[in-house]
Amino acid sequence: MRKRMSESETTVQSGRGFWRDKALWRSRWLRSGGFLCRKGARLLLLLLGVSAAAFFLVSLSPVDPLQTNVGQAALGSMSQEQIARLRSYWGADTPPLQGYAAWLRGALSGDLGTSLLYRRPVLSVMGEKLKNSLWLTAAAWLLSGAGGFALGTLAGAKQGTQADRVITGAALLLSGTPAFFLALLLLSVFSVQLGWLPVGLSVPIGMAAEQVGLGHRLVHAVLPGLCLSLSGMPNILLQVREKMLQVMESDFVLFARARGDSWRAVAVRHGLRNVALPALTLQFASVGEILGGSVLVEQVFSYPGLGQAAVTAGLGGDVPLLLGITVASASLVFCGNLMADVLYGIVDPRMRKAGGLL
Amino acid sequence: MKTRQRDNCQRDNRRAKTLAGIVLICVLLFAISAAGMLWKEEALVADFSEKNLPPCGAHWFGTDFMGRDMLVRTVTGLSLSIRLGVLTALVSAAFAAVLGIGAAVLGRAADAVVSWLIDLMLGIPHILLLILISYGLGKGFFGVAAGIALTHWTSLARLLRGEVLQLAESRFVQMARKLGHGPGYIARIHMLPHLLPQLFTGLILLFSHAVLHEASITFLGFGLAPEQPAIGIILSESMQYLSMGYWWLGLFPGGLLVLVILLFFWLGRSVCALLDPASAHL
């Protein structure tokens with residue numbers, strides 16, 4: 001008995017045995033189960049808060065959906081009954097608390113209501129729009145993260161050099177440029193002046209849906225994707241550079257340099273490893289920013305994605321669609337942060353003890 | 001001895017340079033906002049005999065489809081953006097101070113409420129939140145102003161909360177407590193000197209965000225009325241003429257907008273460098 005205990009102790013201490021120990025694995029699974037339950041409860045609470053806040057905000061609105069969508073002239077020529085029917089269609093006559101209760105009851109059974117502008121279930125509208133913008137935003141998210149990380153570490157490791165100055169300067173300039181203005185510039189240079197790329201939309205105009213190939217879609221997504229990646233990059237880049245500067249000023253880097261390690265070896269072995277964790281947090285926290293940026297960029301490029309639907313819903317007073325998009329993007333942002341938490345443990349062994357997943 | 005003198009000289013020079021930069025930026029921003037207020041009427045003057053002119057001597061930024069001078073319109077729009085940005089950033093910083101310090105001081109319940117509120121606001125993409133608030137408050141000037149003021153306090157509040165919590169744990173505050181000083185005295189003598197620079201730089205860095213988001217939300221059509229010369233409206237109008245090759249309608253107003261945002265950003269960085277003891281020597 002004594003012998004076995006000491007055996008298991010040694011296996012725990014030696015790195016490889018650690019993964020074979022069954023008791024440890026079981027406790028870890030239990031712990032990660034608890035972790036997921038806690039996070040799930042937090043998500044539910046957050047979504048409840050977000051939807052309630054959004055609902056009451058929208059119900060406060062003095063904007064009359066009938067005035068915006070039907071128009072004063074058309075309203076004037078209608079009978080009282082017709083107006084009353086329209087009012088109940090746009091939900092203008094339900095008190096907010098009752099409306100929210102009805103919405104919540106529907107949402108819990110998987111029905112987010114019917115979009116008032118598209119006259120289809122909100123879920124199907126969102127699914128269609130998401131299909132358009134998912135690849136766009138995902139590609140832009142990965143590109144901005146990878147580009148920001150690579151250029152940020154490079155600039156930080158080569159502080160004060162010409163390369164650092166150019167990269168940092170460009171990042172600062174980009175961070176002060178609104179995403180929609182960047183989109184306008186790209187559009188006027190590449191589509192209007194040079195004529196290389198299409199002006200907007202996600203597919204060619206006047207082409208039947210069956211004829212649209214992957215190539216058409218890709219060509220239409222180049223400029224919005226580029227714009228979205230560029231506008232998301234400076235934030236990650238500048239913060240990664242800042243972290244890299246801290247690392248390069250540390251004692252262990254000084255020691256490594258004194259030992260005779262080359263600059264490249266120091267940057268890769270000490271710099272990258274220490275910057276990876278904050279960079280990962282930044283990358284997953286930037287989900288919200290990319291989603292927000294996609295609202296502006298899709299609007300400029302008339303790209304029929306989720307962001308453009310949000311603007312249409314907001315301008316037209318389509319409350320169910322606006323609520324659906326808000327709740328969906330809040331869950332996406334939450335999942336981004338959750339992924340960061342989970343990946344911490346995988347990337348950094350020191351964090352595993354702190355009670356994360358894995 | 002000599003080297004130290006030279007060092008001192010250089011240091012003073014840099015401090016002076018930073019100060020001069022701050023003054024210059026303030027003068028520039030003030031000049032733009034003043035010029036815009038003076039040109040309020042001229043920005044609406046249309047002259048159909050001079051429509052869609054490219055940049056020339058009489059109209060540096062060209063004219064638009066109604067023959068309105070784009071330079072005048074741009075400066076008027078920027079002036080509005082600057083004033084709105086300063087106003088909303090001030091309100092936002094006040095929110096941040098009250099909520100951040102309140103969360104740290106008023107006990108666990110208040111802390112939980114404020115932290116949850118911050119999580120809630122950061123959980124929705126910023127632009128979407130702006131759309132929701134400005135729709136809820138009826139779009140227009142008030143909707144935009146309230147939207148920006150209500151959404152920018154979160155990170156500064158978090159920062160201040162952390163700072164107060166850290167200060168409360170520090171040796172000198174605990175010692176002051178043991179010496180019998182009341183909370184009011186401690187807050188005034190020991191905490192405020194640490195918090196004010198943070199609040200001040202946070203406020204100035206908020207300006208550029210506020211201006212950027214004001215332009216964005218106005219561009220989407222949630223902001224000011226279409227006849228008002230706001231920078232977002234100018235840019236969204238220019239989009240319709242982009243394919244006709246009227247590039248000056250978008251390039252110059254947008255470029256100046258970027259310049260103003262960067263000016264605010266540099267202002268914040270310079271003030272931060274001067275106020276922060278760790279970098280006060282530059």
Checked against the positive end of the charge dipole of chain B (+1 on Cβ of Lys and Arg, -1 on Cβ of Asp and Glu, about the Cα centre), the farthest of B:S79, B:Y241, B:F264 is B:F264
Return the sequence-ordered ³J(HN,Hα) values of segment B:146-162 in whole Hz as given by the Karplus equation 6.51 cos²θ - 1.76 cosθ + 1.60 applied to θ = phi - 60°, using x for Gly and Pro. 5, x, 6, 5, 7, 10, 9, 7, 4, 5, 5, 4, 4, 4, 5, 4, x
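Order of A:D111, A:D261 from fewest to most other C-beta atoms within 10 Å? Walk me through the numbers before you get to the answer.
Numbers: A:D111 13, A:D261 16.
If I rank by nearby Cβ atoms, fewest first, I get A:D111, A:D261.
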The ³J(HN,Hα) series, computed from each phi in segment A:332-346 with the Karplus coefficients 6.51, -1.76 and 1.60 at θ = phi - 60°, rounded to the nearest Hz and given as x for glycine or proline, is 4, 4, 4, 4, x, 5, 5, 4, 4, 4, 5, 5, 3, x, 6
Over chain B, with a Gaussian network built from C-alpha contacts below 10 Å, which listed residue (B:Y246, B:Y135, B:Y185) shows the highest mean-square fluctuation? B:Y185
Residues in segment A:129-143 near a label at A:L218, defined as backbone nitrogen under 19 Å from the 7 Å Cα→Cβ point? A:132-143
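Could you work out the mean count of beta carbons from other protein chains within 10 Å of each residue's beta carbon in A:52-62?
Values: counts 1, 8, 7, 2, 1, 7, 4, 1, 5, 8, 7.
Neighbouring Cβ atoms belonging to other protein chains average 5 per residue here.
As an exercise, use a Förster radius of 25 Å and the Cβ-Cβ distance of B:L90 and B:R188 to find the FRET efficiency, rounded to the nearest 0.05.
Working: r = 22 Å, r/R0 = 0.89.
Once rounded, the FRET efficiency stands at 0.65.
Pull out the extension gain between A:L272 and A:A139, defined as 0.36 nm times the separation in residues minus the alpha carbon to alpha carbon distance; nm, one decimal. It would help to have the intermediate numbers written out before the result.
Numbers: separation 133, 0.36 × 133 = 47.88 nm, distance 2.29 nm.
Residue separation times 0.36 nm, minus the Cα-Cα distance, leaves 45.6 nm.
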May I ask you to sort B:R14, A:R119 by Cβ crowding, counting other Cβ atoms within 10 Å and putting the fewest first? A:R119, B:R14
Just to check I understand the Karplus step: with θ = phi - 60° and J = 6.51 cos²θ - 1.76 cosθ + 1.60, what whole-Hz values come out for segment A:118-127, glycine and proline as x? 8, 6, 9, x, 4, 4, 6, 4, 5, x
The exposure ranking of B:T201, B:T63, A:T281, fewest beta-carbon neighbours within 10 Å first, is A:T281, B:T201, B:T63
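Take every residue in peptide A:178-190, count the Cβ atoms of other chains within 10 Å of its Cβ, and give the average of those counts.
Details: counts 14, 4, 9, 15, 2, 1, 11, 5, 0, 4, 10, 1, 0.
Mean inter-chain Cβ contacts per residue within 10 Å come to 6.
Mind running the shape call on chain B? Use the C-alpha gyration tensor, a ≥ b ≥ c as the square roots of the eigenvalues: rounded below 1.5 for a/c, prolate if a/b tops b/c, oblate otherwise. Let's see the in-between values first.
Numbers: a/c = 3.28, a/b = 1.58, b/c = 2.08.
Oblate is the answer for chain B, as a/c is 1.5 or above yet b/c matches or exceeds a/b.
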Scattering from the C-alpha atoms of segment A:130-316 alone, worked out with Debye: what is log10 I(q)/I(0) at q = 0.08, 0.15, 0.16 1/Å? -0.33, -0.87, -0.95
Determine the dipole magnitude for segment A:130-316: charges of +1 sit on the beta-carbon of Lys and Arg, -1 on that of Asp and Glu, nothing else is charged, the reference point is the Cα centre, and the result goes in debye to the nearest 20. 480
Mean per-residue count of partner chain Cβ within 10 Å for B:208-220 equals 4
Going through A:K158/B:K17; B:K40/B:K139; A:K243/B:K17; A:K129/B:K139; A:K39/A:K158 one by one, the pairs whose alpha carbons sit over 29 Å apart turn out to be A:K39/A:K158
Amide H proximity to A:T114 below 5 Å, modelled H, separation 5+ or other chain, gives A:V122
Taking every pair of alpha-carbon atoms in segment B:161-282, what share in percent sits in each 5 Å bin, from 0 to the bin with the longest distance? 2, 10, 14, 13, 12, 10, 9, 8, 7, 6, 4, 3, 2, 1, 0, 0
When chain B is treated as a GNM, springs tying every alpha-carbon pair under 10 Å, which of B:L195, B:L165, B:L263 comes out with the largest mean-square fluctuation? B:L165
Would you calculate, for chain B, the mean residue ellipticity at 222 nm contributed by helices, counting each DSSP H stretch of 4 or more residues as -39,500 (n - 2.57) and dividing by all residues, to the nearest 500? -25000 deg cm²/dmol
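Every number in this text was worked out from the coordinates using simple rules, so none of it is lab data. What you are looking at is a predicted structure, and each value in this text was computed from that prediction instead of being measured. Heads up, the Cβs are rebuilt from the backbone with ideal geometry, glycines too, and the neighbour counts pull from every protein chain shown.
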